[in-house]
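Working notes, beginning with the structure itself.
The values are calculated or read from the model by the stated rules, or taken from the named source; none is laboratory data. The structure presented is a predicted model; accordingly, all values stated were derived computationally and were not measured. Every residue, glycine as well, gets a Cβ built from its backbone with ideal geometry; the counts of neighbours run over all protein chains shown. Side chains included, ligands, DNA and RNA excluded: accessible areas come from the protein's heavy atoms. Shrake-Rupley method; radii C 1.70, N 1.55, O 1.52, S 1.80 Å.
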Amino acid sequence: MERQALNRGPAAASRTVARGGGAAARTTIAYLFLAPALLLLAVFTFYPVVFGTVLSLFDYNVISPPRYVGFSQFAALWSDRYFWTALRNSAVYLAVVPVLQLSAIVLALWVRQPLRGIAWFRAAYYIPVVTSIVVVGLMWRWLYDEAGLLNYVLLRLGVVHAPIHWLSDPNLALYAVMGVTWWKGIGYYMVIYLAGLEAIPSYYDEAAALDGAGAWARLFRVTIPLLRPSILLASTISILAALRVFEEIYVMTGGGPIFSTYTMFYYMFDQAFNSLHLGYAAAIGVVLAAITALFSAVNFRLMRTGGLSYY
Amino acid sequence: MRPSLPRAASAAAAALVLAAALLAVPPAGVAPAGAAGPTTIEFWTISLEPFFTTFVNGLIDRYQRAHPDVRVRWIDVQPQALDQKLLSSIAGGVAPDVVNLNTETTLRLAEVHALVDMDRAVPAPARARYFPNIWASLRLDGHAYGVPWYVTPDVLAYNQALFRKAGLDPAHPPVTTEALIRAAVAVKQKTGIYGFMPNVDGIRFLKVFQEEGLPVLSPDRRRAVFDSAAHVALLARYIDLYKHDQFPDDTLRRGYLGATERYGDGQLAMLTTGPQFLLRVRSDNPDVYRDTAVAAAPLGRGQVYDLPTMDLAVPAASRHQAEAVAFALYVTDDENQLAFCKQVVIFPSTRQAAADSYFTRGGTSPEDRARVVAARELDRARDLTLAIPHSDDLYRDFREAIESAFYGRMAPGQALEWAVRQWNAKL
């Protein structure tokens, strides 16, 4: 009976076990364990989500009472140039996701090897993750400076003949900030992929090797498919982070030049705290949430197969 | 627009938002003035710690001794965090009582009726203590929304060593903006180091226009007029300097903070800035500070200096408005303003304090010199911040136009015409 219950999934198993006695007590205890986290989620996530969504239907500036305006703020977004600029920039920013994930996988495969001093490298790659974004922003601002290290190296190597205006060129600034997101994030995703790689039993790889598969075939036919759950998790987190990018831009470019780094989240902040259009900012937030949900759903759809169920 | 939700749903939604908003505001009478203990008022300043901690604490101690029924809680806020923190506090029902703001933020908050009208709250004899032009700079639609505190007219700080290297005479610094540009070009040409970083970032070109005697608005203030041939020529002049690498590429991005940093590093020959920033140069690079001389800020054709003003505002959400206004008047009275001016090179907003001989006595340090120089500028100075409705929308358009022109996306004339069209549609 227990085996059948397990086959029907954990919920069914729990119900079956519960019928055996103490069901109410077990459920209560389970909820009590969940209660602190649920309470925190309710206060800091669910309430703001509901409040923000409702607020998008109101004209609100903190000072005066909210005034119901229906969907007019969403209609206004449609004809708002800055909204489309921000949306376009956020869409471009998403390009950092595949680059980041691919390089994090490569890095994880590399630091997984039993080489001398590899633990030091693992720690080194993780340092940017735990470094304050303000410090990171300032550091990269200096690196990107006209007379900064990056330009110095490129000039000395003869790659360029004049300094590159990394943060002042409207065609380049967004990519320069994306570079910082990549640099800061790679260590975090590397750890996710390292954990994913550790979870793959070595006999899959060994069996493939015995069957004569080469290193590339084993990587693309065995390791990557088995790593799909980690890729799903990491890429979803990465998409969310890319759509919510704010700090790097706030510290490094302030949305400029010519709004070329003005992303959805930055525009939301600008409308809320500089223009005091909190209802309008909430409407931007709702659109951003919808886009995020859409991308997450597509990602789940594309990545849901894989892992150990692959075989 | 007709609401598209069913009536019941709209009502429910309205109730939810109102309930949330009301929840954020504690009911009146939670901590009424005159309740059991003394009234506590919260006083926010901008970046006065750590340099002025002793001064502000002394100010508060004296006030508390004279007013045993009032306690003052001082909170120093970083400028970047001020707007966000203030709005969050107001929304959370824990608004501060007295807040140090600049003119731009004061006018923006006044636009949404977030501040107490000081023309009404302050008695006429007390108002008369302040320079009328400075008091007026905080007016929107005929009402003033802050008590002026201190003002900081720009001075020209320049690196004498770099001047000598460029063949310029340190005893004769530039006195006009034209001469400033010529000197900057000479420094760049002879030393390879930038001569200046003009204040053209963000919306500062609005002030550049006024300093050069070019109006931004029509006399009735209902139309933007900054697209004349003279305006276009002025913008084109700066764009040309930028294209010829006569000022750094981060000028539009980093503004005066970047300029101060670069000057402190010895990588800029001239810095047009508030005299209080000399403190930063002194602490960052004593060598550069030693080579620094101070002169009057170069004048444009408008013969007017900008006069950035700091004021003390009382949020309308303050629960102790009377005590807050009284404290703001105390902090900005003649005696306390003069005492503050003796701590750093700033200037009082009250007439009697400004008449003190302290502001005409020279000294040997760059700050002493800056004090005398800036005091002489006061009669030609006024706050050039514009009091306009929808300022954020308009400023966003203006910034886009100026940056588009600088980065070559639009011709200067085209950019200004576009911005004027945007402004006139919203003014």
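For this structure, a couple of remarks:
- Boolean, B:Arg73 is among the charged types (D, E, K, R) and not in a helix (DSSP H, G or I): yes
- Which numbered condition A:Ala162 misses (of (1) open to solvent by less than 50 Å² (accessible area, probe 1.4 Å); (2) farther than 27 Å from A:Leu94 by Cα; (3) within 14 Å of chain B (Cβ to nearest Cβ)): (1)
- Residue among B:Leu384, B:Leu394 that is more than 14 Å from chain A (Cβ to nearest Cβ) and of a type in the set (A, V, I, L, M, F, W, C): B:Leu384
- Considering region B:224-240, the residues that are crowded, with 20+ Cβ neighbours inside 10 Å and among the aliphatic types (A, V, I, L, M) include one that is nearest to A:Asp169 (Cα to Cα), namely B:Leu235.
- For B:Pro38: the one exception among (1) closer than 22 Å to B:Thr385 by Cα; (2) open to solvent by 60 Å² or more (accessible area, probe 1.4 Å): (1)
- Lone unmet requirement of (1) part of a helix (DSSP H, G or I); (2) in contact (Cβ under 8 Å) with a residue 40 or more places away in the chain for B:Gln343: (1)
- For beta carbons closer than 9 Å, sequence separation of 6+ or different chains, a first residue in region A:154-167 that is within 21 Å of B:Thr251 (Cβ to Cβ) and in the same structural domain as A:Trp140 (by TED's automatic domain parsing) and a second that is surrounded by 10 or more Cβ atoms within 10 Å (Cβ to Cβ) and β-branched (Val, Ile, Thr), the qualifying pairs are A:Leu167/A:Val177; A:Leu167/A:Thr253; A:Leu167/A:Thr261.
- Residue check, B:Leu268 within 28 Å of A:Arg141 (Cα to Cα) and surrounded by fewer than 18 Cβ atoms within 10 Å (Cβ to Cβ): no
- Just one of the listed residues (A:Val62, A:Val50, A:Val69) is over 20 Å from A:Tyr267 (Cβ atoms), within 12 Å of chain B (Cβ to nearest Cβ) and of a type in the set (A, V, I, L, M), and it is A:Val50.
- Selection status of A:Val222, assigned to a helix (DSSP H, G or I) and either within 12 Å of another protein chain (Cβ to nearest Cβ) or of a type outside the set (D, E, K, R) (or both): yes
- Residue check, B:Leu162 assigned to a loop (DSSP other than H, G, I, E, B) and over 30 Å from B:Val122 (Cβ atoms): no
- Being under 25 Å from A:Phe83 (Cβ atoms), of a type outside the set (Val, Ile, Thr) and open to solvent by 30 Å² or more (accessible area, probe 1.4 Å) is not true of A:Leu219.
- Annotation note: of B:Pro286, B:Pro315, the sole residue that is farther than 30 Å from B:Trp44 by Cβ and either within 14 Å of chain A (Cβ to nearest Cβ) or surrounded by fewer than 18 Cβ atoms within 10 Å (Cβ to Cβ) (or both) is B:Pro286.
- Test: A:Ala241 is in a helix (DSSP H, G or I), open to solvent by 10 Å² or more (accessible area, probe 1.4 Å) and among the small types (Gly, Ala, Ser): yes
- Verdict on A:Leu194 being assigned to a helix (DSSP H, G or I) and modelled with pLDDT under 95: yes
Each row is one residue, and each column tells you yes or no for (1) away from chain B (no Cβ under 14 Å); (2) buried (at least 17 other Cβ atoms within 10 Å of the Cβ).
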| site | (1), (2) |
| --- | --- |
| A:Arg81 | no, no |
| A:Thr85 | no, yes |
| A:Val92 | yes, no |
| A:Val99 | yes, no |
| A:Leu107 | yes, yes |
| A:Ala123 | yes, no |
| A:Leu143 | no, yes |
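- Number of residues in region B:242-287 that are in a helix (DSSP H, G or I), within 17 Å of B:Val345 (Cβ to Cβ) and touching a helix residue (DSSP H, G or I) at 6+ places or on another chain (Cβ under 7 Å): the value is 10.
- Options B:Phe131, B:Phe163: the member that is over 24 Å from the mean Cα position of the chain (by Cα) and aromatic (Phe, Trp, Tyr): B:Phe163
- B:Ala166 satisfies every condition listed in (1) within 30 Å of B:Trp135 (Cα to Cα); (2) touching a helix residue (DSSP H, G or I) at 6+ places or on another chain (Cβ under 6 Å) except (1).
- Count of region B:217-230 residues, restricted to those that are out of contact with any Gly (no Cβ under 9 Å at 6 or more places or on another chain) and either aromatic (Phe, Trp, Tyr) or under 11 Å from B:Leu416 (Cβ atoms) (or both), is 4.
- Annotation note: Cβ proximity below 6 Å between a residue of region B:117-139 that is assigned to a helix (DSSP H, G or I) and a residue that is open to solvent by 70 Å² or more (accessible area, probe 1.4 Å) and modelled with pLDDT under 95 (sequence gap 6+ or interchain) occurs for B:Asn133/B:Arg382.
- Taken across region A:252-275, residues that are within 18 Å of A:Pro98 (Cα to Cα) and of a type in the set (A, V, I, L, M, F, W, C) do not occur at all.
- Near pairs, Cβ below 7 angstrom, 6+ apart or cross-chain, from region A:101-130 (more than 13 Å from A:Ile186 (Cα to Cα)) to any residue that is open to solvent by less than 30 Å² (accessible area, probe 1.4 Å) and not basic (Lys, Arg): A:Arg112/A:Leu194; A:Arg112/A:Leu197; A:Ile118/A:Val111
- Taken as a whole, the structure leaves B:Tyr145 outside the set of residues that are among the hydroxyl-bearing types (Ser, Thr, Tyr) and touching a Pro at 6+ places or on another chain (Cβ under 7 Å).
- Residue match in region B:340-350 (condition: aromatic (Phe, Trp, Tyr) and surrounded by fewer than 18 Cβ atoms within 10 Å (Cβ to Cβ)): no
- Tally, over region B:140-174, of residues that are surrounded by fewer than 18 Cβ atoms within 10 Å (Cβ to Cβ) and within 30 Å of B:Ala387 (Cβ to Cβ): 3
- Single residue of region B:70-107 satisfying the filter (modelled with pLDDT of 95 or more and open to solvent by 60 Å² or more (accessible area, probe 1.4 Å)) that is farthest from the other protein chains (Cβ to nearest Cβ): B:Arg71
- Residues located in region A:145-159, provided they are open to solvent by less than 50 Å² (accessible area, probe 1.4 Å) and not in a helix (DSSP H, G or I): A:Asp145, A:Glu146, A:Gly148, A:Gly158
- All of A:Ala272, A:Ala289, A:Ala283 fail the test of being more than 9 Å from every other protein chain (Cβ to nearest Cβ), of a type in the set (A, V, I, L, M) and either farther than 18 Å from A:Trp78 by Cβ or under 21 Å from the mean Cα position of the chain (by Cα) (or both), apart from A:Ala289.
- Restricting region B:108-122 to residues that are under 16 Å from A:Ser64 (Cα atoms) and not charged (D, E, K, R), the residue that is surrounded by the most Cβ atoms within 10 Å (Cβ to Cβ) is B:Leu115.
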